[in-house]
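A.B. asks: What follows is a structure written as structure tokens; I'll ask about it next.
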Amino acid sequence: MGGHVSSQVIRLSSNLILTRLLVPEMFGLMSLANILLIGLVLFSDLGIRQSIVQSPRGHEQAFLNTAWVVQIIRGAVIWLLALLLSLALYLIDLMHWWNPGSAYAEPLLPVIVAIISFNFLISGFESTKLATARRNMFLKRMTIIELAAQLGGIIFMLIWAWVNRSIWALVFGSFVTTIIRVALSHIALPGENNKYQWDVKAFHEIFHFGKWIFLTSILGFLAINGDRIILGNLIDAETLGVYSIAYFMFSAIQEILTKMMGNVAFPAFSEVVRNNPKELKQTYYKFRTPIDIVTLLALGLLFASGDLIIKFLYDDRYLPACHMLQILSVGLFVTRFALDKDLFMAIGKPKLMVPTYVINIFVLFVLVPLAFTQFGLNGALWVIGAGGFIALPLIFYLKIKYKILDLSRELVFVPLIFLGYGLGWVVHYLNNVLGLIS
């Protein structure tokens, strides 16, 4: 938790500096390029890391080496697909199929996508020692590696942006982060180094487990990132850049919790399923307690005083992000249930998340454009923020089916929303009295 909080502090600090060196359009373009490339990654996700964590064979070197070879091949395929994607973006722009003035119509977008794609070729060589460390919950070294890579990339970005205030600071800074991470994965963790080895049984196990990860990753990507994919063709790059700042502030809390779930909860659930499955329900709600407290308090606080955070941290160009952040904060209520994905993966049933993702995709790709047409950007934002509530009945049904639901523990912390809102109101009142933020 400390590592993830530190990571978000580093991100926020660098973001505050970079927003003063670079213009909002650059953040909009970079956000859109990253979303498209993350889509390619998740559209080819075989769940290699998850297989190593979940499999009884996850500690065998033959299994690890086979996983490493598959990972390298996948990285090369993603790189080639990204180059084709950049060509497709260029040709579509040439034929004027994008909405004029939208972020997709920016001439630099295909070039940025093509250059960033080299990251995937490099990251394919990342050692499976990282996945093994995750399986064994060796969190200290994992955290140090992540922070070192992030810090190295950010320092490079800041220096470049200071010398040359262009979007290339963001583009090439990502290379430094990837290179440091891959290098440290080989030299900073104990264990045998990877080498070429092909174990047919290991590959079949990875593929069998990964086919559902593949599907859920595709749907999960669309469900989580569909807002920016859709908005990229509805609003201009500057407005998308402002939205990306609001989303960054909102997602900082989500990312801390998501990483904690992936690095701690999923290995813990997998261990319980292997050794003591009767304890799974109790273990699940042990993890949910701190997650519920953080998300529900943050929801109320951001909804009441999220505008002050934006005004305090950013200049006047980003003021429209104030109400965006307040609306998006409603989505934190549903963030609590992201833990269910790790729960279902641990019991070997990642397919259970498919219907939930389908509902969320419908909300983003059908209801968001409809709301934008009828009510403008604010209407679209409310659908983005509150759309996740539609999937809650299905989530509760699945928990009942697998005897995991405890309704009293689902509801016990909900009043914290009002406590958070009250704290936000107090912050607003004190600011009005003292006149600290105008």
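The values are calculated or read from the model by the stated rules, or taken from the named source; none is laboratory data. Bear in mind that the values here come from a model prediction, so they are computed numbers and not experimental data. Heads up, the Cβs are rebuilt from the backbone with ideal geometry, glycines too, and the neighbour counts pull from every protein chain shown.
A.B. asks: Consider region 368-407. How many of its residues are of a type in the set (Ser, Thr, Tyr) and either at pLDDT 90 or above or farther than 29 Å from residue 272 by Cβ (or both)? Can you show your working first?
C.D. replies: Residues of region 368-407 that are of a type in the set (Ser, Thr, Tyr), as a first pass: 373, 397, 402.
This time we only want the ones that are either at pLDDT 90 or above or farther than 29 Å from residue 272 by Cβ (or both), so: 373, 397.
So the count comes out to 2.
A.B. asks: Looking at 203, 207, 248, can you tell me which residue is in a helix (DSSP H, G or I) and under 30 Å from residue 329 (Cβ atoms)?
C.D. replies: Details: 203 fails: under 30 Å from residue 329 (Cβ atoms); 207 fails: under 30 Å from residue 329 (Cβ atoms).
None of the others qualify; the one that does is 248.
A.B. asks: Right, another one. Restricting the first residue to region 266-287 and requiring it to be free of Cβ contacts under 8 Å to residues at least 60 places away in the same chain, which pairs with a second residue that is buried (at least 18 other Cβ atoms within 10 Å of the Cβ) and of a type in the set (Phe, Trp, Tyr) meet a Cβ separation below 8 Å and a spacing of at least six or different chains?
C.D. replies: If the second residue must be buried (at least 18 other Cβ atoms within 10 Å of the Cβ) and of a type in the set (Phe, Trp, Tyr), the pairs left are 283/269.
A.B. asks: Among the candidates 129, 140, single out the residue that is over 26 Å from residue 66 (Cβ atoms) and of a type in the set (D, E, K, R).
C.D. replies: On the way: 129 fails: over 26 Å from residue 66 (Cβ atoms).
Answer to the selection: 140.
A.B. asks: Just for helices (runs of 4 or more DSSP H) wholly inside region 268-357: which have at least 2 residues that are among the polar types (S, T, N, Q) and closer than 24 Å to residue 380 by Cβ?
C.D. replies: Numbers: elements: 280-313, 321-328, 332-335, 339-346.
The helices (runs of 4 or more DSSP H) meeting that bar are 280-313.
A.B. asks: Related question: Looking only at residues that are assigned to a loop (DSSP other than H, G, I, E, B) and either among the polar types (S, T, N, Q) or in contact with a Lys or Arg (Cβ under 9 Å, 6 or more places away or on another chain) (or both) in region 66-110, which one is farthest from residue 25 (Cα to Cα)?
C.D. replies: Step one: list which residues in region 66-110 are assigned to a loop (DSSP other than H, G, I, E, B), which gives 95-102, 106-108.
From what is left, the residues that are either among the polar types (S, T, N, Q) or in contact with a Lys or Arg (Cβ under 9 Å, 6 or more places away or on another chain) (or both) are 99, 102.
On the way: 99: 16, 102: 11 Å.
If we take residues in region 66-110 being assigned to a loop (DSSP other than H, G, I, E, B) and either among the polar types (S, T, N, Q) or in contact with a Lys or Arg (Cβ under 9 Å, 6 or more places away or on another chain) (or both), then 99 is farthest from residue 25 (Cα to Cα).
A.B. asks: OK, next. Just checking, which of 427, 363 is assigned by TED's automatic domain parsing to the domain that holds residue 293, among the β-branched types (Val, Ile, Thr) and in contact with a Ser or Thr (Cβ under 8 Å, 6 or more places away or on another chain)?
C.D. replies: Details: 363 fails: in contact with a Ser or Thr (Cβ under 8 Å, 6 or more places away or on another chain).
Sole residue among the options that is assigned by TED's automatic domain parsing to the domain that holds residue 293, among the β-branched types (Val, Ile, Thr) and in contact with a Ser or Thr (Cβ under 8 Å, 6 or more places away or on another chain): 427.
A.B. asks: Now a separate question. Looking at 38, 115, can you tell me which residue is surrounded by 15 or more Cβ atoms within 10 Å (Cβ to Cβ) and either assigned to a helix (DSSP H, G or I) or not assigned by TED's automatic domain parsing to the domain that holds residue 153 (or both)?
C.D. replies: Working: 38 fails: surrounded by 15 or more Cβ atoms within 10 Å (Cβ to Cβ).
Of 38, 115, the one residue that is surrounded by 15 or more Cβ atoms within 10 Å (Cβ to Cβ) and either assigned to a helix (DSSP H, G or I) or not assigned by TED's automatic domain parsing to the domain that holds residue 153 (or both) is 115.
A.B. asks: Testing residue 363 on (1) in a helix (DSSP H, G or I); (2) modelled with pLDDT under 90, one condition comes back false. Which one is that?
C.D. replies: Checking residue 363 against (1) in a helix (DSSP H, G or I); (2) modelled with pLDDT under 90, the one that fails is (2).
A.B. asks: Let me ask another. Any residue at all in region 221-233 that is assigned by TED's automatic domain parsing to the domain that holds residue 56, among the charged types (D, E, K, R) and under 28 Å from residue 377 (Cα atoms)?
C.D. replies: yes
A.B. asks: Mind counting the residues in region 178-200 that are assigned to a helix (DSSP H, G or I) and either free of Cβ contacts under 8 Å to residues at least 60 places away in the same chain or within 13 Å of residue 141 (Cα to Cα) (or both)? Working first, answer last.
C.D. replies: In the first step, residues of region 178-200 are kept if they are assigned to a helix (DSSP H, G or I); the result is 178-187, 200.
Then keep just the ones that are either free of Cβ contacts under 8 Å to residues at least 60 places away in the same chain or within 13 Å of residue 141 (Cα to Cα) (or both); that gives 178-181, 183-187, 200.
Result for region 178-200: 10.
Residue-by-condition table, conditions (1) of a type in the set (Ser, Thr, Tyr); (2) surrounded by 12 or more Cβ atoms within 10 Å (Cβ to Cβ); (3) without any contact (Cβ under 8 Å) to a residue 40 or more places away in the chain; (4) not in a loop (DSSP other than H, G, I, E, B):
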position: 370; (1), (2), (3), (4): no, yes, yes, yes
position: 373; (1), (2), (3), (4): yes, no, yes, yes
position: 376; (1), (2), (3), (4): no, no, yes, yes
position: 380; (1), (2), (3), (4): no, yes, no, yes
position: 384; (1), (2), (3), (4): no, yes, no, yes
position: 391; (1), (2), (3), (4): no, yes, no, yes
position: 395; (1), (2), (3), (4): no, yes, no, yes
position: 410; (1), (2), (3), (4): no, yes, yes, yes
position: 419; (1), (2), (3), (4): no, yes, no, yes
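A.B. asks: Within region 271-285, can one find any residue that is closer than 21 Å to residue 322 by Cα, of a type outside the set (Ser, Thr, Tyr) and surrounded by fewer than 22 Cβ atoms within 10 Å (Cβ to Cβ)? Walk me through how you get there before you give the answer.
C.D. replies: Here is the first cut: in region 271-285, the ones closer than 21 Å to residue 322 by Cα are none.
There is no residue in region 271-285 that is closer than 21 Å to residue 322 by Cα, of a type outside the set (Ser, Thr, Tyr) and surrounded by fewer than 22 Cβ atoms within 10 Å (Cβ to Cβ).
A.B. asks: Taking region 89-103, which residues are in contact (Cβ under 8 Å) with a residue 60 or more places away in the chain and surrounded by fewer than 16 Cβ atoms within 10 Å (Cβ to Cβ)? Spell out how you get there, then give the answer.
C.D. replies: Step one: filter region 89-103 for residues in contact (Cβ under 8 Å) with a residue 60 or more places away in the chain, giving 98-99, 101-103.
Across region 89-103, the qualifying residues are 99, 101.
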